[in-house]
Amino acid sequence: MSKVRTDYRDALETLISDKFKTRKRFCDATGLSETMLSHVLARRKHLSIDALTDALAKIGYRLRILPNR
């Protein structure tokens, strides 16, 4: 039985496209740089847990760890 892997960057990209008109507006709201976001969404870099948690908190979201099902 193979595991289905999900990546936080997929959820982040969905959040941005659903809730913000542009990546720039997301960056302005969260304090993340557009350059860093571009690298993260292109899977060249990762956000630290602290940076992700802080950015999400600024827009009314939080990080949650769930069991695999």
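The values are calculated or read from the model by the stated rules, or taken from the named source; none is laboratory data. Remember, predicted model here, so these are calculated numbers, not experimental data. Methodologically, a virtual Cβ is constructed for each residue, glycine included, from the backbone with ideal geometry; neighbour enumeration extends over all protein chains shown. We work out accessible area using only protein heavy atoms, side chains counted, and drop any ligands, DNA or RNA first. Shrake-Rupley method; radii C 1.70, N 1.55, O 1.52, S 1.80 Å.
Screening Asn68 on (1) in contact (Cβ under 8 Å) with a residue 40 or more places away in the chain; (2) open to solvent by 90 Å² or more (accessible area, probe 1.4 Å); (3) in a helix (DSSP H, G or I) shows it passes everything except condition (3). The set of residues from region 1-55 being touching a residue at least 40 places away in the same chain (Cβ under 8 Å) and either in contact with a strand residue (DSSP E or B) (Cβ under 9 Å, 6 or more places away or on another chain) or open to solvent by 70 Å² or more (accessible area, probe 1.4 Å) (or both) comprises Lys3, Lys19. Within region 1-36, the residues that satisfy the criterion of being basic (Lys, Arg) and assigned to a helix (DSSP H, G or I) are Arg9, Lys19, Arg23, Lys24, Arg25. In this structure, does His39 turn out to be assigned to a loop (DSSP other than H, G, I, E, B), at pLDDT 95 or above and under 12 Å from the mean Cα position of the chain (by Cα)? Spelling it out, it is not the case that His39 is assigned to a loop (DSSP other than H, G, I, E, B), at pLDDT 95 or above and under 12 Å from the mean Cα position of the chain (by Cα).
Scan region 56-65 for residues that are open to solvent by 70 Å² or more (accessible area, probe 1.4 Å), free of Cβ contacts under 8 Å to residues at least 12 places away in the same chain and either of a type in the set (A, V, I, L, M, F, W, C) or touching an Asp or Glu at 6+ places or on another chain (Cβ under 7 Å) (or both) and the total you get is 1.
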